[in-house]
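First the structure, in the form of structure tokens, and then the observations on it.
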Amino acid sequence: MMGRHRAWLVGAVVLFLAWAGSGSAEPPLKVTGVKPGEPFPLTDDKVRGLVESLASFRGGPERAGEKMLSEVFGLKGAEATRTYPFGEFAHMGESLNGGFPDLTVHLAAGFGPTNLLAGLLDKGFSALAPGRWWESPLHWAALRGRTDNVRLLLQRGARLNARDSWDRTALHCAARGGHAETVEALLDAGADPRSVNREGQTPLHMAAVRGWCEVIRRLLATRMDVDIRNGAWLTPLHEAAAGGHADAVRLLLNARANPNAADQVGRTPLHLAVLLDRLDAVEVLLSFGADTFRKDHQGVDPYQVAEKTGSVPMQRLLVDRHR
């Protein structure tokens, strides 16, 4: 019996690590004073000078992005060469001068004011420029919640449903970042809310992982399946419950999400919420009829999960429902 319990807990940890690692990388560098959805503050004169400087730059395309980092954000030398601003698309230690493509438009799309992006596009820079992992400037603008830049890029020929190396679209990026206005702009332009990345995650899954309720509302308004599955057969409700996002759990359940949907190993949202000690999410799930007797493929029910994890508050919460 002990071996069976140990195997169950190992499997639970593996599942949790897979869940926690799903699109969860954070930017390795935060640009001081720049909040998501806002541009780096630049005067009109500075913008005009940058456009002319970058348009006439002869240092080679792989170094234009480094020049942008230096002139706009004050990052030089080691700071510039070790930094590729989005952890969503890269890893610490990658170098801007290590054969990377020209990131000038990407940086302008994600961090620059709209007139900087427009000026670069007017000078012949491409809205379709691919990054190191085939992410487009539209991906960067969406991830940062730069709705005006998203609209401009689409007007200038950006591909709405273009995918990066992980099959993520701009809508995935906007949903991941919690940018409801940007999500709405992409949906209005015809973005596919049912698109899946390499892990089978839809934008709804990515919003549910982080509990972005307004983004979830916008996506559900497209009448997509609230119980849509990812590659591990997790529904958005599984993701919200695992993250402990009680408001998102309630929102999905009110949209008729199945509280007892099972993933590929038979675990329900309640199993995951109990496993990760998400008391608030468990309370919401129970109020919507989540089954405390439902067993996974190893014969373990949610109350037994609480026993295995040793959470006394969780056991107390479940015990009355379990009798």
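Nothing in this text is a laboratory measurement; each read-out follows from the coordinates by a stated rule. What you are looking at is a predicted structure, and each value in this text was computed from that prediction instead of being measured. Methodologically, a virtual Cβ is constructed for each residue, glycine included, from the backbone with ideal geometry; neighbour enumeration extends over all protein chains shown.
Which of the trypsin sites (Lys or Arg not before Pro) found in region 146-192 are loop residues per DSSP with 11 or fewer other Cβ atoms within 10 Å of their Cβ? Working shown, then result.
Values: sites: 146, 151, 156, 159, 163, 168, 176; in loops: 146, 156, 159, 163, 168.
Counting only loop positions with at most 11 other Cβ atoms within 10 Å, none of the trypsin sites (Lys or Arg not before Pro) in region 146-192 qualifies.
Once each part is reduced to its C-alpha centroid, what is the distance from region 264-315 to region 185-209 in angstrom?
Between the Cα centre of region 264-315 and that of region 185-209, the gap is 28 Å.
Given bins 10 angstrom wide, list per bin the percent of all Cα-Cα distances in region 167-274, short to long.
Bin by bin from 0 Å, the calculated values are 17, 53, 27, 3.
Find out how many positive minus negative residues lie around residue 264, taking Lys and Arg as positive, Asp and Glu as negative, among other residues whose Cβ is under 11 Å from that of residue 264.
Details: positive: 229, 267; negative: 263, 296.
Local charge sum for residue 264: 0.
In whole Å and largest first, what semi-axes does the C-alpha gyration tensor of region 116-189 yield when each eigenvalue is scaled by 5 and square-rooted? Walk me through the intermediate numbers first.
Details: eigenvalues 65, 43, 18 Å².
In descending order, the three semi-axes are 18, 15, 10 Å.
Residue separation times 0.36 nm, minus the C-alpha to C-alpha distance between residue 280 and residue 155: what's the value?
Net length gain for the segment: 40.6 nm.
Quick one: net charge of residue 248's neighbours, Cβ under 9 Å, K/R +1, D/E -1?
0
Quick one, can you get me the convex hull of the C-alpha atoms of region 135-178 expressed as volume per residue in Å³?
51 Å³
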